[in-house]
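Derivation of every value follows stated rules applied to the coordinates shown; laboratory data play no part. Computed from a predicted structure; not experimentally measured.
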Amino acid sequence: MENEDVEAGRKRQRQTDSEEENRGGGGGGGGQDSAAEGDIEASFVGSEEMQMQINSVLEKIERFTQLVSELLESGKTLFKELSDQFEERLITIHREEIEKWQEEIKALRMLDMSNEEANMLLLNAKQLLHNVQMET
C-alpha cells in the first residue's frame, strides 16, 4: 500500500517536473520575435490556470488514494477478524463432532462387551443342554 502511495507521489512529481521544463523552455531559441514571446506569456497565464486545475485533480487523486488505502486496511482488518472467527468456529465444530464420534465408539464398545457376555452365556447354556442330552 505505502509503496503504491509513494510511487503515485513520484509520478506526480515527475509530471510536475516535466510540465515545468516544458513551460520554462529548454533554452536556445534566441531569434524569437516579440509576438512569440507574448504567446509564451499568454500560455503561462493559461498554464497557471491549468496548473491549478491539475493540482485540484491531483488533490482529488490523493484523497481518493488515501480513501482506497483506508478502505483496504479496514477490509483487511475485517477479513482477518472474520477469518479468525471462522477458524475458531470450524475448530469448535470439529471438536464437537470428534467428541460425538468418540462417545459413539464408547457406546459401540460397551454394546460389543455386552454382546460378548451374552454370547458366552448362551454358549455355556448350549453346552449344558448338550451335556444333559448326552447323559440321557
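The slack between E88 and L58, meaning 0.36 nm per residue of separation minus the straight C-alpha distance, is 6.4 nm.
Multiply the residue gap between M134 and E97 by 0.36 nm, knock off their C-alpha separation, and tell me the result in nm, one decimal place.
Numbers: separation 37, 0.36 × 37 = 13.32 nm, distance 5.44 nm.
Result for the pair: 7.9 nm of gain on full extension.
Taken over region 51-136, the convex hull of the Cα atoms encloses 59 Å³ per residue.
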